[in-house]
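Below is the structure I would like to discuss, written out as structure tokens.
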Amino acid sequence: MDTVFRIGSTSQTTKARSALQAHSIPSKMVKTDGNASGGCTWGLRIDRRHYYEAADALTKAGIRYEVL
């Protein structure tokens, strides 16, 4: 089972993916449903087994996210 972290812009999502790669956490960039302002957003799909490690890596990198 997978978990999706909604990040936002493509540049922030790319930065987030690099943070996960630094911790050897595989991820896939995916388009997510739009946010409240109607724009499209991007996120990262990861294997649920890496959830806590990924959340910690993103937090330490200063990246805001929402878990879907």
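Of the numbered conditions (1) assigned to a loop (DSSP other than H, G, I, E, B); (2) more than 9 Å from the chain's Cα centre (by Cα), ILE63 satisfies every one except a single condition; which is it?
(2) is the only condition that ILE63 fails.
Given the options SER24, SER11, name the one that is loosely packed, with under 13 Cβ neighbours inside 10 Å, at positive phi and without any contact (Cβ under 8 Å) to a residue 12 or more places away in the chain.
On the way: SER11 fails: at positive phi.
Testing whether each residue is loosely packed, with under 13 Cβ neighbours inside 10 Å, at positive phi and without any contact (Cβ under 8 Å) to a residue 12 or more places away in the chain leaves just SER24.
Now for a separate question. Before we move on, is LEU58 out of contact with any Gly (no Cβ under 8 Å at 6 or more places or on another chain), on the phi < 0 side of the Ramachandran plot, among the aliphatic types (A, V, I, L, M) and not in a helix (DSSP H, G or I)?
For LEU58, the condition - out of contact with any Gly (no Cβ under 8 Å at 6 or more places or on another chain), on the phi < 0 side of the Ramachandran plot, among the aliphatic types (A, V, I, L, M) and not in a helix (DSSP H, G or I) - is not met.
Output the residue which, of all residues in the stretch 27-37 that are assigned to a loop (DSSP other than H, G, I, E, B) and touching a strand residue (DSSP E or B) at 6+ places or on another chain (Cβ under 7 Å), is modelled with the highest pLDDT.
Looking at residues that are assigned to a loop (DSSP other than H, G, I, E, B) and touching a strand residue (DSSP E or B) at 6+ places or on another chain (Cβ under 7 Å), I get SER27.
If you check THR59, THR32, which single one turns out to be in contact (Cβ under 8 Å) with a residue 12 or more places away in the chain and polar (S, T, N, Q)? Steps first, answer last, please.
On the way: THR59 fails: in contact (Cβ under 8 Å) with a residue 12 or more places away in the chain.
Sole residue among the options that is in contact (Cβ under 8 Å) with a residue 12 or more places away in the chain and polar (S, T, N, Q): THR32.
The values are calculated or read from the model by the stated rules, or taken from the named source; none is laboratory data. Keep in mind that this is a model prediction, so the values were computed, not measured. FYI the Cβ positions are ideal-geometry reconstructions off the backbone, even for glycines, and counts take in every protein chain you see.
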